[in-house]
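I have placed the structure first, in the form of structure tokens, so that the comments after it can refer back to it.
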Amino acid sequence: MSQDAVDSKSEQIAAEIRDAIRQGRLERGILYSSRELGERFGASRTPVREALLKLADLGLVKIERNRGARVLGQDGRGIVDLCSLRVLLEPPACRSAAAVLTSRDDEAMLAEYRIMERTADGGTEYFAADERLHELILQASGNRRLAKFVNELRQTLALDGRHSVPRYQPVDTALKDHWDIIDALRKRDGVGAERAMRKHLVRSGDLLVAHSSDDNRGLVAEWRRWVSVSVPEGDQVTY
């Protein structure tokens, strides 16, 4: 198998393992051997091993030498890390996208937004449209590796159903955040689009971190401290 084929297969297996963790088909705390995972997901040991390394980097599994991988899931510390990365990466990508979007892209963004409006119960269709909207913007930025990496971050944050809508905030609030992003992009206002994306991600991060555990005061303080130094002065998020 060529290296490109291994990479493609390992990405597929990583996604399938991540979904299995989310759905509870792979249980937290349980050690799974590479052979067992290979049989379950129909893959040889090499792409399984590569997939596990990817998931270990995301903090979802712990590799145990010559034994396999233990499922960890995502904890509060990991949520802070992942939300921080999104705030760092997505707003500038959104600004970059504003310079190159086309009228066809505008139509595609509006189509996804309409699906979100129509399925504003925070269910599967809503989140699928949300993911496609963010993916469209990231792909338009021209940085495919960034788009792929951020998509992995989003998928990892979705473990355990840790969506901030509608569990922790009104759907209307999330819809307005997305509309502000789309509106700025349609106007080709890169600065405004970057600011709107940052506001959306910081708001989501606030909610996800605040509900990450029963005793989360230290995590909340760390998240807010990180936001205070990573968001440009004069552009701090208020709501």
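When region 26-40 is filtered for residues that are open to solvent by 20 Å² or more (accessible area, probe 1.4 Å) and within 22 Å of Leu153 (Cβ to Cβ), only Arg28 remains. In region 175-191, the residues that are open to solvent by 10 Å² or more (accessible area, probe 1.4 Å) form Cβ pairs under 9 Å with partners that are not in a helix (DSSP H, G or I), at six or more places apart or across chains, as follows: Leu175/Ala120; Leu175/Val165; Asp183/Asp189; Arg186/Leu101; Arg188/Ala99; Arg188/Leu101; Gly190/Ala99.
Taken over region 126-145, the residue count meeting the criterion of being in contact with a Lys or Arg (Cβ under 8 Å, 6 or more places away or on another chain) and either among the charged types (D, E, K, R) or in contact (Cβ under 8 Å) with a residue 60 or more places away in the chain (or both) is 1. Count of region 192-228 residues, restricted to those that are assigned to a loop (DSSP other than H, G, I, E, B) and either touching a residue at least 12 places away in the same chain (Cβ under 8 Å) or surrounded by 23 or more Cβ atoms within 10 Å (Cβ to Cβ) (or both), is 4. When Asp172, Asp105, Asp160 are checked against the criterion of being modelled with pLDDT under 85, surrounded by fewer than 19 Cβ atoms within 10 Å (Cβ to Cβ) and charged (D, E, K, R), a single residue qualifies: Asp160. For region 60-72, the tally of residues that are farther than 28 Å from Val231 by Cα, crowded, with 21+ Cβ neighbours inside 10 Å and within 18 Å of the chain's Cα centre (by Cα) stands at 1. Residues in region 9-28 that are closer than 18 Å to Thr46 by Cα and in contact with an Asp or Glu (Cβ under 9 Å, 6 or more places away or on another chain): how many? Qualifying residue count for the region: 7. Considering region 27-37, the residues that are in a loop (DSSP other than H, G, I, E, B) and at pLDDT 90 or above include one that is farthest from Leu85 (Cα to Cα), namely Ser33.
Listed here are the helices (runs of 4 or more DSSP H) enclosed by region 38-126 that have at least 3 residues being within 30 Å of Asp172 (Cβ to Cβ): 76-98, 103-118. No other residue among Asp75, Asp57 is loosely packed, with under 15 Cβ neighbours inside 10 Å and in contact (Cβ under 8 Å) with a residue 60 or more places away in the chain apart from Asp75. Filter region 110-153 down to residues that are touching a Ser or Thr at 6+ places or on another chain (Cβ under 7 Å) and surrounded by fewer than 19 Cβ atoms within 10 Å (Cβ to Cβ) and give me whichever is nearest to Asp19 (Cα to Cα). Step by step, filter region 110-153, then rank; the result is Glu125.
Of all the residues in region 78-102, those that are at pLDDT 95 or above, among the acidic types (Asp, Glu) and open to solvent by 10 Å² or more (accessible area, probe 1.4 Å) number 0.
Taking region 12-25 as the range and being open to solvent by 40 Å² or more (accessible area, probe 1.4 Å) and at pLDDT 85 or above as the test, the residues that pass are Gln12, Glu16, Arg25.
The values are calculated or read from the model by the stated rules, or taken from the named source; none is laboratory data. Please read these numbers as outputs of a predicted model, since none were measured by experiment. All Cβ positions, glycine included, derive from the backbone under ideal geometry; neighbour counts span all protein chains shown. Surface areas here come from the heavy atoms of the whole protein model, side chains and all, with no ligands, DNA or RNA. Shrake-Rupley method; radii C 1.70, N 1.55, O 1.52, S 1.80 Å.
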